[in-house]
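The values are calculated or read from the model by the stated rules, or taken from the named source; none is laboratory data. The structure presented is a predicted model; accordingly, all values stated were derived computationally and were not measured. As a convention, Cβ positions derive from the backbone with ideal geometry for all residues, glycine included, and neighbour counts pool all protein chains shown. Note: accessible area is taken over every heavy atom of the protein model, side chains too, but ligands, DNA and RNA are not part of it. Shrake-Rupley method; radii C 1.70, N 1.55, O 1.52, S 1.80 Å.
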Amino acid sequence: MDSRAPLPDPPASAPCPCGGYPQGAEYSQCCEPALTLAAWPPTAQQLMRSRYTAHVLRNEDHLFRTWHPRTRPPEVEAEDGTVWTGLTVEAVTAGGLEDEEGIVEYRASYREPDGAPGELHEVARFVRRARRWMYLGPAEVLS
Ligand SMILES: [Zn+2]
């Protein structure tokens, strides 16, 4: 089996893979509207969470369309065989309904294909483009 193939969507009533926003929210009430394009996430944090969930589900289309055209690579591929195991948002600066820029610091844990655990700790920058939040890139990668 292709280890980068998209995974099936979780049941709508399942806990959201991102942990939920607010915490514990169901997938249907959290990242599903973003991943199905029913609604663009209204805040930078929610956009970031939807990108984490897209990593979990290997939804490369969502990773591509939420990455600012100025900084995104020509193709965005899910990590081969990486299993994402949890997200913790550490800090949020701006990125709200009235903002044009935002910063979200988060930790995302994963297991590599050989089973080794890892963690991505990033301070990520987001900007609005045509009224939609977009991932611009890391302000800092801490681990
Ligand atoms: Zn979510």
* Within region 27-142, what percent of beta bridges assigned by DSSP are antiparallel, to the nearest 5? -> 95
* To do: Taking H placed 1.01 Å from N in the peptide plane, check which residues at least 5 places from A139 or on another chain put their amide H under 5 Å from its amide H.
  => V123, A124, R125
* To do: Just need the Rg to Rh number for region 1-43, please, alpha carbons only, Kirkwood Rh.
  => 1.03
* Quantify, in whole percent, the carbon and sulfur part of the accessible surface of region 1-64 (1.4 Å probe; protein heavy atoms only). => 55
* With θ set to phi - 60° and the Karplus curve 6.51 cos²θ - 1.76 cosθ + 1.60, what are the ³J(HN,Hα) couplings of region 121-129 in order, to the nearest whole Hz, using x for Gly and Pro? -> 10, 10, 9, 9, 9, 10, 9, 8, 9
* To do: Please state, to two decimals, what the Cα-based radius of gyration of the chain comes to when divided by 2.2 N^0.38 Å (N = residues).
  => 0.98
* **Within region 38-143, trypsin sites (Lys or Arg not before Pro) in DSSP loop having at most 11 other beta-carbon neighbours inside 10 Å** => R70, R131
* Structure fact -> Quick calc, D61 & A12: beta-carbon distance into FRET formula, R0 22 Å, rounding 0.05, result 0.70
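Just to confirm, what accessible area per residue do you get for the chain at 1.4 Å probe, in whole Å²?
Here the residues of the chain average 54 Å² of exposed surface.
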* Structure fact -> Most fluctuating of A91, A44, A116 in the GNM of the chain (C-alpha, under 10 Å) is A116
